[in-house]
Amino acid sequence: QELNRAVAAQLDDVRRAQQVCIEVDCLRALATFAQRFEAIAFEPQEQSRLELKAMRHPLLLGEVGSVVANDLSLSAGQGLILSGPNAGGKTVALKCLGLAALMVRTGIPIPAAEGSIVGWFGEVLTDVGDNQSLMHSLSTFSAHIANVSTCLNRADANTLVLGGGYGLEQT
């Protein structure tokens, strides 16, 4: 009881110390991630633009084996079509674009090469379906079209819209 009273008397200081420990732990985790996976903390550029050199998907970095790096580039007012065979990495590349746009917003280092440019997108909207499903009925496709339509109606010049997984990966 005596210890509880002593801590209760210092509760605000204990809470501040806990918050500082959490922040230090987060910063250490980000620094460890950056060092281990050669990721860079980019300063977000004002323009809505992504020019990623040797971008690697962050969730694949911890996997055994090598991760294929991609050069991806997209600016406001442009479209990008990714095509190729099944299991060719189209969805991974598409998700890399969205992850980079979100990671830069939160200060998370991005596993891309020096010289990459990561601009600021006011919003990142997605409709990335699972292309592995055998259920490619008209209603499933119609649902994707409705989602993409909603994304496009919400989008402005500073919005990154990503869609794919239904026969054609596109942004």
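Taken over segment 1-27, the residue count meeting the criterion of being part of a helix (DSSP H, G or I) and more than 30 Å from Gly62 (Cα to Cα) is 15. The set of residues in segment 70-106 being hydrophobic (A, V, I, L, M, F, W, C), outside any strand (DSSP E or B) and touching a residue at least 40 places away in the same chain (Cβ under 8 Å) consists of Ala76, Leu80, Ala93, Leu94, Cys96, Leu97, Leu99, Ala100, Ala101, Met103, Val104.
Could you check segment 119-139 and list, in sequence order, the residues that are under 22 Å from Ser83 (Cα atoms) and modelled with pLDDT of 65 or more? Steps first, please.
First pass over segment 119-139, keeping only residues under 22 Å from Ser83 (Cα atoms): 124-138.
Result: Val124, Leu125, Thr126, Asp127, Val128.
Among the residues of segment 58-86, those that are out of contact with any helix residue (DSSP H, G or I) (no Cβ under 8 Å at 6 or more places or on another chain), open to solvent by less than 100 Å² (accessible area, probe 1.4 Å) and not hydrophobic (A, V, I, L, M, F, W, C) comprise Gly62, Gly65, Ser73, Ser75, Gly77, Gly79, Pro85.
Gln35 satisfies every condition listed in (1) loosely packed, with under 11 Cβ neighbours inside 10 Å; (2) within 15 Å of Gly89 (Cα to Cα) except (2).
The residues of segment 87-103 that are under 9 Å from the mean Cα position of the chain (by Cα) and open to solvent by 10 Å² or more (accessible area, probe 1.4 Å), listed by number, are Lys95, Leu99, Leu102, Met103.
Yes or no: Leu30 under 18 Å from Ser116 (Cβ atoms), assigned to a helix (DSSP H, G or I) and open to solvent by less than 70 Å² (accessible area, probe 1.4 Å)? So that I can check it myself, show each step before the final result.
Working: under 18 Å from Ser116 (Cβ atoms): yes; assigned to a helix (DSSP H, G or I): yes; open to solvent by less than 70 Å² (accessible area, probe 1.4 Å): yes.
Yes; evaluated as a whole, the condition is true for this residue.
The values are calculated or read from the model by the stated rules, or taken from the named source; none is laboratory data. None of these values were measured; they are calculated from a predicted model. Cβ atoms come from the backbone with ideal geometry, glycine included; neighbour counts cover every protein chain shown. Accessible surface is based on the protein model in full, side chains and every heavy atom, while ligands, DNA and RNA are left aside. Shrake-Rupley method; radii C 1.70, N 1.55, O 1.52, S 1.80 Å.
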